[in-house]
Structures are given as structure tokens and as C-alpha cells.
Amino acid sequence: MRLIIWVLVGLLSGFLASKILYNRGAGPLIDLLLGLVGGFVGGFLFDLLGFKGRGVIYHIVVATVGAIIVLVLYHNLMR
């Protein structure tokens, strides 16, 4: 069950990051991958900065911030 929740949060955060930056989604697979990687990046950065939180909304925000960072890096490297 937790795996399904992680996948859904990853998909949602990747989609949100794509919409925030480029006003469109990058496709379900790219959104999912960026969201999952972004979840780890965001979690690492938020822990490093000392933020602690609980709940689905907090995790979606953390994963979305991480996905935005990953998305910017991805597009800069693909140029």
C-alpha cells in the first residue's frame, strides 16, 4: 500500500512541477520519474535545512520542490 502512495505522490508532484515551470505536463512517465527522484531530492534538502513535517500535504510540497529542482537540472542537461 505504501508503494502505491509513493507512486501517486511522485506522479502528482512531477505533474505539479511540470505545470509550475512549463504550464504543461511532461507526460505520465517523465512526471512520475521526476516526481519520485524529486521526492528524494526534496526530502534530503528539507532534512538538511532542518524542516520537519508530517502528512500527505507536506510530503507533496517537499516532493514538488524536489521535482522542480530535478526538472530544471534535467532540461539544462538535455540542451
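Of the residues making up the stretch 1-34, just one is at pLDDT below 80 and among the polar types (S, T, N, Q), namely Asn23. The residues of the stretch 48-60 that are in contact with a helix residue (DSSP H, G or I) (Cβ under 8 Å, 6 or more places away or on another chain) and assigned to a helix (DSSP H, G or I), listed by number, are Val56, His59, Ile60. The residue that is farthest from Ile4 (Cα to Cα), among those in the stretch 35-62 that are of a type in the set (A, V, I, L, M) and either in contact with a Cys (Cβ under 9 Å, 6 or more places away or on another chain) or open to solvent by less than 50 Å² (accessible area, probe 1.4 Å) (or both), is Val41. Restricting to the stretch 29-78, give me the number of residues that are farther than 9 Å from Ala17 by Cβ and of a type in the set (Gly, Ala, Ser). Residues meeting the conditions: 6. Might you let me know whether the stretch 35-48 holds any residue that is modelled with pLDDT of 85 or more and on the phi > 0 side of the Ramachandran plot? The answer is no, given that none of the residues of the stretch 35-48 is modelled with pLDDT of 85 or more and on the phi > 0 side of the Ramachandran plot.
The values are calculated or read from the model by the stated rules, or taken from the named source; none is laboratory data. All values derive from a computational prediction rather than experimental measurement. Glycine gets a Cβ as well: all are built from the backbone with ideal geometry, and neighbour counts include every protein chain shown. Surface areas here come from the heavy atoms of the whole protein model, side chains and all, with no ligands, DNA or RNA. Shrake-Rupley method; radii C 1.70, N 1.55, O 1.52, S 1.80 Å.
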